[in-house]
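Down below is the structure, laid out as C-alpha cells.
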Amino acid sequence: MSARRRNFDNHAPIRLVVLALLTGALGACATVPTPLQGQFAPVTPRDAAANGDQSAAVRWGGEIINVEPRADETCFEVLSRDLWDDARPKRRDHSDGRFIACSKGFYDPAAYPRGRELTVTGSLSGSERHKVGEYDYTYARVVADQVYLWPKRETPTGYPYSAFGPWPYDPFWGPYWGGWWSPPIIVVHGGHGHH
C-alpha cells in the first residue's frame, strides 16, 4: 500500500468524527417554533386544490405574493415552498403551487411585504378561484390559526454572490436558518511531499 493511501486511511476516523459533529449540529439547530408545532397531513397545496380536500390540518409555507384585508379576516396569497426541519420555507426550491391562508383579524400589508417568508398552520377549507394574469387559478384555502412571519435572512457583508450562495444545494454553502456556515478545512499531506 502506498504512503499516500496509508496516510488517507489514518485520517478516516477524523473525517467520520467531523461528519458526526456536523450532523449533530444540524439536528440540534432544527427547532420548530412553538406556534408551529404539531401533527399535520402530508398533503401539498397542489393536491389539495385538485382534490378539494377539507378539514385536514396542514403546515405550509412559502413567499408572500399578496396580502388582502377583508371584512373580518386577512388573506395571504403565498407561493408554496418545501419546509426545512424547523418549518422555515426553503429558498430556490420547487413549488407545489400557490395557496391562500386566511386568518381572523387585520394584518397590515405593510408589515407583511411581498417576498417575505411565511409559515402557517390551520385547516383546509376547500378552494378559491382567482385570476393570475388571464388564467383562472384554483387555490387551496387554509383557515389559519397561526401566521408566522420569519425574520429576514441576512447576507454576509462583502459576500460576492447572491443571498442564495454560489451552490444553492451544496450542504456546506447556503442559507442555514438565517445564517451561513462552512465545515472546517482538514489538510491531508501525502507521502510524496507537498502539492
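The values are calculated or read from the model by the stated rules, or taken from the named source; none is laboratory data. This one's a predicted model, so the numbers in the text were calculated from it and none came from an experiment. Using ideal geometry, Cβ is built from the backbone for each residue, glycine included, and neighbour counts are taken over all protein chains shown.
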Can you confirm whether segment 87-96 contains a residue that is modelled with pLDDT of 95 or more and part of a loop (DSSP other than H, G, I, E, B)?
-> yes
Members of segment 81-113 that are within 18 Å of the chain's Cα centre (by Cα), within 14 Å of Y148 (Cα to Cα) and of a type in the set (S, T, Y) | Y112
Among the residues of segment 130-158, how many are part of a strand (DSSP E or B) and among the small types (G, A, S)?
-> 2
Of the residues in segment 37-78, how many are surrounded by 17 or more Cβ atoms within 10 Å (Cβ to Cβ) and either of a type in the set (A, V, I, L, M, F, W, C) or without any contact (Cβ under 8 Å) to a residue 12 or more places away in the chain (or both)?
-> 10
Could you say whether any residue in segment 73-82 is basic (K, R) and either closer than 20 Å to R153 by Cα or at pLDDT 95 or above (or both)?
-> yes
Of the residues in segment 97-129, those that are of a type outside the set (G, A, S), over 16 Å from F40 (Cα atoms) and either touching a Lys or Arg at 6+ places or on another chain (Cβ under 6 Å) or not in a strand (DSSP E or B) (or both) come to I100, F106, Y107, D108, P109, Y112, P113, R114, R116, E128
